1. For the residues Asp111, Asp143, what sequence is obtained by ranking on other C-beta atoms within 10 Å, fewest first?
2. Note down the nm distance, to one decimal, between modelled labels 7 Å out along Cα→Cβ at Met144 and at Gln173.
3. How would Ile104, Ile72 line up from fewest to most surrounding beta-carbon atoms within 10 angstrom?
4. Output the DSSP H helices from the chain with an along-axis C-alpha extent of no less than 30 Å and a mean Kyte-Doolittle hydropathy no less than 1.6.
5. Determine the dipole magnitude for the chain: charges of +1 sit on the beta-carbon of Lys and Arg, -1 on that of Asp and Glu, nothing else is charged, the reference point is the Cα centre, and the result goes in debye to the nearest 20.
6. Return the long-range amide H neighbours of Lys36 (sequence gap of 5 or more, or a different chain), with a cut-off of under 5 Å between placed amide H atoms.
7. Which of Ser64, Ser32, Phe51 sits closest to the plus end of the dipole of segment 1-84, meaning its Cα is farthest towards the positive end, when Lys and Arg get +1 and Asp and Glu get -1 on the C-beta?
8. Explain nothing, just compute: Karplus ³J(HN,Hα) = 6.51 cos²θ - 1.76 cosθ + 1.60, θ = phi - 60°, for every residue of segment 30-37 in order, whole Hz, x for Gly and Pro.
Amino acid sequence: MEEKMRHLSTMELFQDLSEKEREELDRITTMSTVRKGKVFYRPEETGEVLFILKEGQVQLYRISPEGKKLVIATLGKGSLFGEMALLGQRMHNTFAEATTDCTICVMSRTDLERLILQRPQVGLRILEITGRRLRDAEARLEDMAFKGIPARLASLLLRLAGEEDEIVGMTHQDLAEMVGTYRETATQVLNDLKSKGLVEIGRKRLVIKDRAGLQAVAEG
């Protein structure tokens, strides 16, 4: 219980809650560790729930009738997602898979509504967090519509790295699915970036060596 309370107290969404409110939150939420590779949400599941990603990385994706995987989003620490119309989010036909070991908190719609009524600042934080995700989704859509594969891949690498220079745990297949291309194409583009001295490639590890140069490729 102490470990769960510690996690709740450090979450951006709940940082303004009092000790008593966090104790109530502990009672109404479920927090668990999800191991890498586990699919913990499937299309056939029902019920409005909110997932809050405390630690780790989660991939949301769909499978086409032909069996092709389409990555909808790759979410990091602090992300909210789930089958909850209250937040304007739907998980219809969507799988959620942990791509690293994750710590995830789960809330029901009823409990979330009660919390927002009691603590309006929680609702404001939800808007901020979902707003950031919407901006990321818009950036991906813009890349898909207007950029070629090299620019899309370079842009993705910069987003995944954030302020760091290293991306860990992503395969060429993962990157290909995120930019909507084949693994062979992604591998060829990555090798081109490597030959230009922009990145260094290892096993499930990529280091950005020339951020300005990679940004130039991303801008196409």
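Every number in this text was worked out from the coordinates using simple rules, so none of it is lab data. The model shown is predicted, which means the values in this text are computed figures rather than measured ones. Don't worry about glycine lacking a Cβ; one is built from the backbone with ideal geometry, like all the others, and counts go over all protein chains shown.
1. With the sparsest Cβ surroundings first, the list reads Asp111, Asp143.
2. Inter-label distance under the simple model: 2.1 nm.
3. Going from least to most buried by this count: Ile72, Ile104.
4. none
5. Dipole of the chain, to the nearest 20 debye: 460 debye.
6. For Lys36, whose amide H was placed from the backbone, the distant partners under 5 Å are Asp101, Cys102.
7. Selected residue: Ser64.
8. 10, 10, 8, 9, 10, 6, 3, x
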